Amino acid sequence: MSLTSNIRNFSIIAHIDHGKSTLADRMLEITGTIEKRRMREQFLDQMDLERERGITIKMQPVRMEYHTENSASINILNLIDTPGHIDFSYEVSRAIKAVEGAVLLVDATQGVQAQTIAVLDLAREAGLTIIPAINKIDLSLARVKETKEEITELLGEGHGPILEISGKTGEGVKELLDEIVRRVPAPKPEFPETNGFRGLVFDFEYSAHRGVVVFFRVLDGEIKEGDDISFSALGEKFTVLEVGVFMPEKKIATKLSAGEIGYAVTGIKRPIQAAVGDTLIRTHVKLPAVSGYQFPRPVVWASLYPEEQDDFVLLRQALERLRLSDSSLSFEEESSGALGRGFRVGFFGMLHMEIVSERLKREFNLSLVVTTPTIGYEVTKNGKAEIIYNPVFFPDDKSAELLREPWIEVRVITPPEHLGNLMTLFHEHEAIVKTMEIFGESRNEIMLEMPLRELMRNFFDDIKSATSGYASISYKMLDLRVADVVRMDILVGGEPIAALARIVPRNRIPIEAERVVDRLKKLLPRQMFDFKIQAQAVGRIIASHSISGMKKQLGDFGKNGGDITRKMKLWAKQKKGKEKMKATGRVNIPEDVFLKMMRRDD
Ligand code: GTP
């Protein structure tokens with residue numbers, strides 16, 4: 001029997017909300033990893049933010065020990081829980097490279113959804129053994145038979161049994177664990193005889209007094225305290241201060257061997273550019289690095305500025321720390337006249353952006369201004385192509401030779417009764433329908449191509465409301481295509497506000513101009529003087545709204561016999577003051593106005 005034969009490494013993959021975290025809770029319970037009295041819902045979602053929103057942002061590895069019915073030996077089950085939201089699909093792609101099997105979980109009341117197919121594609125590409133399971137069978141609305149047919153259609157022949165479980169009641173979860181032990185292959189080291197070591201990095205954490213903690217899967221050999229280890233791509237070296245496993249809290253181990261999943265404390269306290277997908281090797285026994293993970297490419301950018309310029313260094317440190325545990329985050333320094341020094345930050349989507357802003361505030365106590373998010377456009381000027389993320393640097397209309405923008409492929413799965421509404425919506429969002437097929441017994445699968453900017457224009461929410469939440473979506477990046485877009489500047493009191501500049505399609509200039517001016521009008525507090533809110537594009541003002549200055553309440557002079565001359569005097573004084581402010585006045589834009597402008601539907 002090889003040393004790895006009782007280890008099973010697996011992940012749970014699913015569409016958002018199909019119940020991964022709840023199923024993980026039951027597994028922790030059944031295997032006795034967490035005592036019942038310590039159990040709380042979504043145990044592996046450790047951030048407050050995750051619990052509040054009921055979503056998994058950060059995956060959390062866990063090691064469980066499990067006896068199968070008819071075997072005396074203990075099996076080690078390493079589970080990597082993964083996030084379901086599309087913005088975090090990069091985390092899913094990392095997780096599945098460190099495991100041999102995946103439980104494909106499908107909610108019996110929802111059936112197969114778009115993200116189910118997207119994550120299944122990733123798992124298949126990685127060559128994982130797939131164990132299909134239908135979840136939430138305790139619900140009266142469960143459509144077990146239909147869901148089974150959909151999964152069969154998806155997986156084709158020879159996929160093994162489809163299990164029926166309830167993460168809530170625990171029904172069928174033990175059988176699922178048995179199936180994992182039976183079907184997921186044990187890890188197979190590539191270099192079984194080596195005295196070297198190879199570990200595949202899938203995550204990081206930063207601890208103030210112990211420095212960088214690296215999470216990895218041991219591929220070959222073993223690792224223990226005192227070993228000299230290198231990140232092979234990065235070239236950074238360290239001496240291991242501690243190794244251990246996830247119970248799910250960290251538990252010190254004497255060593256970690258091939259097939260195991262664990263952590264090592266590096267003691268590195270400077271910010272390093274280590275990336276997920278790098279291979280750890282023993283410094284003096286150079287085994288070949290594993291071909292890395294795909295480098296994460298941000299989809300949307302926004303600028304983050306500290307409200308207090310003194311916090312700039314703090315913001316940089318905070319972003320560097322966050323990047324250690326969120327390698328999908330990328331950023332570079334920039335400065336803006338109005339806002340001072342800040343960072344242009346790349347995100348995976350709007351939810352990712354919200355989460356990062358929220359974490360910076362909560363975990364680092366920072367007050368931030370977050371600018372309107374934008375995607376990157378390729379601008380060719382004087383024969384030179386450059387990607388521009390910041391609307392402020394976008395060229396004036398017609399001054400570029402070529403403008404191109406990213407396009408995406410979108411998969412929509414929907415019941416047929418919503419097709420009419422959806423077609424109208426696709427048209428409004430410039431989507432081209434490529435194929436439309438019947439999926440399962442009674443649903444349609446539609447493949448679209450559309451500009452990424454149109455996805456950012458509330459496409460997800462629009463689809464949800466057009467189909468009462470019955471349609472699901474996933475997407476992936478395609479290529480760059482010619483774009484007809486222009487820069488729109490927003491002027492407040494005659495002054496362009498850099499943080500509010502945006503890029504809009506030419507055919508939506510008037511609509512967008514009205515919309516922005518209208519929203520800003522509702523959000524901006526009145527000032528002591530009159531001022532205008534304007535939207536400017538293609539060299540002219542497209543929409544404008546005047547806001548009149550405040551009059552101070554001077555009391556009811558009429559009724560109580562107040563002195564009318566005093567009232568007149570005060571008015572005159574106020575008028576004079578207002579004129580003075582009009583000459584020198586700058587409109588004060590509170591931070592929450594920027595944040596509210598970022599969201600479309602407030
Ligand atoms: P993300 O982490 O956001 O991707 O979600 P998830 O897939 O981890 O789903 P989660 O476990 O948070 O479950 C989503 C919702 O479904 C929660 O309200 C759960 O209580 C509920 N749920 C999960 N499993 C079951 C089940 O077997 N039966 C019933 N009735 N509800 C379930």
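Odds and ends about this structure:
- With respect to being modelled with pLDDT under 95, part of a helix (DSSP H, G or I), within 11 Å of the ligand (Cβ to nearest atom) and more than 12 Å from S11 (Cα to Cα), Q115 fits the description.
- Which numbered condition L176 misses (of (1) within 16 Å of the ligand (Cβ to nearest atom); (2) modelled with pLDDT of 95 or more; (3) outside any helix (DSSP H, G or I); (4) not acidic (D, E)): (3)
- For R487: the one exception among (1) among the basic types (K, R); (2) in contact with a helix residue (DSSP H, G or I) (Cβ under 8 Å, 6 or more places away or on another chain); (3) without any contact (Cβ under 8 Å) to a residue 40 or more places away in the chain: (3)
- Filter result (touching a strand residue (DSSP E or B) at 6+ places or on another chain (Cβ under 6 Å), in a loop (DSSP other than H, G, I, E, B) and not aliphatic (A, V, I, L, M)) within the stretch 132-144: K136
- Any chance S328 is closer than 18 Å to P373 by Cβ, modelled with pLDDT of 80 or more and of a type outside the set (A, V, I, L, M): no
- Test for E363: is it more than 19 Å from the chain's Cα centre (by Cα) and in contact (Cβ under 8 Å) with a residue 40 or more places away in the chain: no
- Looking only at the stretch 212-241, residues that are out of contact with any Ser or Thr (no Cβ under 6 Å at 6 or more places or on another chain) and at positive phi come to 2 in all.
- Residue list for the stretch 454-491, filter: buried (at least 16 other Cβ atoms within 10 Å of the Cβ), at pLDDT 90 or above and basic (K, R): R487
- Checking each residue of the stretch 121-131 against the condition of being at pLDDT below 95, within 21 Å of A471 (Cα to Cα) and in a helix (DSSP H, G or I) gives at least one match.
- The residues in the stretch 85-112 that are part of a loop (DSSP other than H, G, I, E, B) and modelled with pLDDT under 85 can be counted, and the count is 1.
- In this structure, V345 qualifies as in contact with a Leu (Cβ under 8 Å, 6 or more places away or on another chain), assigned to a strand (DSSP E or B) and not basic (K, R).
- Considered as a group, the residues in the stretch 155-173 that are within 14 Å of the ligand (Cβ to nearest atom) and not aliphatic (A, V, I, L, M) include one that is surrounded by the fewest Cβ atoms within 10 Å (Cβ to Cβ), and that residue is T169.
- Scanning the stretch 492-507 for residues that are surrounded by fewer than 18 Cβ atoms within 10 Å (Cβ to Cβ) and either under 30 Å from G549 (Cα atoms) or touching a strand residue (DSSP E or B) at 6+ places or on another chain (Cβ under 8 Å) (or both) returns G494, E495, P496, R506.
- A single member of K136, K188, K224 is farther than 17 Å from T283 by Cα and away from the ligand (no atom under 16 Å from the Cβ), and it is K188.
- Of note, T147 satisfies the criterion of being more than 9 Å from the ligand (Cβ to nearest atom), in contact with a strand residue (DSSP E or B) (Cβ under 6 Å, 6 or more places away or on another chain), of a type in the set (S, T, N, Q) and closer than 20 Å to P415 by Cα.
- Residues in the stretch 365-381 that are among the small types (G, A, S) and either over 18 Å from A483 (Cβ atoms) or part of a strand (DSSP E or B) (or both): S367 alone.
- Single condition E495 does not satisfy, out of (1) touching a helix residue (DSSP H, G or I) at 6+ places or on another chain (Cβ under 9 Å); (2) in contact (Cβ under 8 Å) with a residue 60 or more places away in the chain; (3) closer than 28 Å to F393 by Cα: (1)
- Scanning the stretch 371-428 for residues that are over 14 Å from P451 (Cα atoms), among the β-branched types (V, I, T) and under 27 Å from the mean Cα position of the chain (by Cα) turns up T371, T372, V379, I387, I388, V392, V412, I413, T414.
The values are calculated or read from the model by the stated rules, or taken from the named source; none is laboratory data. From a predicted model like this one, the values you see are computed outputs, not experimental measurements. For neighbour counting, all protein chains shown are included, and Cβ atoms are generated from backbone atoms with ideal geometry for every residue, glycine included.
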